[in-house]
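Step one of this worksheet: look at the structure below.
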Amino acid sequence: MLKEERQSLILEKLTTDKKINFNDLSKFLKVSYDSIRRDIIELEDKGLLKKVHGGAVINSYLPLVSDSKKGTGGSEEIGILSKKALTLFENHQTIIMDGGTTNFFMAQQLPKMLEATVVTNSPALAMVLNDHPTLDVILLGGSYFKRYQITLGTEVYHQLEHINADYYFMGINGVDAEKGLSIRHYEESLIKQKMMRSAKKTVCCAIEEKLHVKEAYKVCDFAEIDYLITHLNPTDEALQAFQNKRVEII
């Protein structure tokens, strides 16, 4: 089966099912898991779907927002990761959180009594926090990049000049001990660098499939962040390459 035909079938199935799973697609199309993953990444880069952990959804956060109100958002892996990340949150902090599925689901778990300010360039994340009773939300305005549902451009960059945050929670596509943190869009990599400079500490929350992955555009060296948070035990063999890099692994 040609790649184009395979990807067309993936989109047809997504239209019908609203959410698709890598393993199910692998069996359905009789190709490897890695082939499906590459197809999903290519389709996401074309703006045709949104990649989430282990699968993909329609390229809109609205179904996810609806699901979150029913209490069904996120995977077990992201649930564990989120609980770890929440130990860093305290009252009266200013937190930068950019776009990305992990940040989106983590925002759903913020304690209802947390009094803090969240700065974001993700309208979808701001929507999730809309019903939070004690959080202030600053939505950075700029050119809206539909493919990843975030704002980018010089306006976002200039607004960050006025922010002195306690933490920046960075959404990322790849984390490698030697090649650093990377994503698939150049302009977004520049905004992330600015967000890092606008915060005292940078936190990377990464699901396991993003570890040891290198994407096209580097954001920073691994040692430039302060925390790496995964669902794994910090001493897990999968994290061995990230040890002794002056980064706290949680």
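The values are calculated or read from the model by the stated rules, or taken from the named source; none is laboratory data. What you see is a predicted model, and the numbers here were worked out from it, not measured in a lab. Don't worry about glycine lacking a Cβ; one is built from the backbone with ideal geometry, like all the others, and counts go over all protein chains shown.
Listing for the model above:
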item	result
Residue list for the range 10-39, restricted to those being in contact with a Leu (Cβ under 7 Å, 6 or more places away or on another chain) and within 16 Å of THR101 (Cβ to Cβ)	LEU14, ILE20
Search result, residues across the range 93-123 that are closer than 22 Å to LEU211 by Cα and part of a loop (DSSP other than H, G, I, E, B)	ASP98, GLY99, GLY100
Some residue of the range 174-192 being surrounded by 15 or more Cβ atoms within 10 Å (Cβ to Cβ) and more than 18 Å from GLY100 (Cβ to Cβ)	yes
Filter result (surrounded by fewer than 24 Cβ atoms within 10 Å (Cβ to Cβ) and more than 14 Å from TYR168 (Cα to Cα)) within the range 106-127	GLN108, GLN109, LEU110, PRO111, LYS112, MET113, LEU114, GLU115, PRO123, ALA124, ALA126, MET127
Selection from the range 193-223 of residues that are among the acidic types (Asp, Glu) and surrounded by fewer than 20 Cβ atoms within 10 Å (Cβ to Cβ)	GLU208, GLU209, ASP221
GLY100 being at pLDDT below 85, surrounded by fewer than 18 Cβ atoms within 10 Å (Cβ to Cβ) and on the phi > 0 side of the Ramachandran plot	no
Leading residue by the ranking (nearest to ARG147 (Cα to Cα)) among those in the range 1-49 that are part of a helix (DSSP H, G or I) and among the small types (Gly, Ala, Ser)	SER8
Residue check, TYR144 of a type in the set (Ser, Thr, Tyr) and either touching a residue at least 40 places away in the same chain (Cβ under 8 Å) or surrounded by 17 or more Cβ atoms within 10 Å (Cβ to Cβ) (or both)	no
Qualifying residue in the range 189-204 (condition: under 13 Å from the mean Cα position of the chain (by Cα) and more than 23 Å from LEU139 (Cβ to Cβ))	no
Of all residues in the range 124-164 being out of contact with any helix residue (DSSP H, G or I) (no Cβ under 8 Å at 6 or more places or on another chain) and part of a strand (DSSP E or B), the one that is nearest to TYR217 (Cα to Cα)	ILE138
Tabulated pairs, the range 172-201, first under 14 Å from VAL119 (Cβ atoms) and in the same structural domain as ILE225 (by TED's automatic domain parsing), second of a type outside the set (Gly, Ala, Ser) and in a loop (DSSP other than H, G, I, E, B), C-beta under 6 angstrom, 6+ apart or interchain	SER198/ILE163
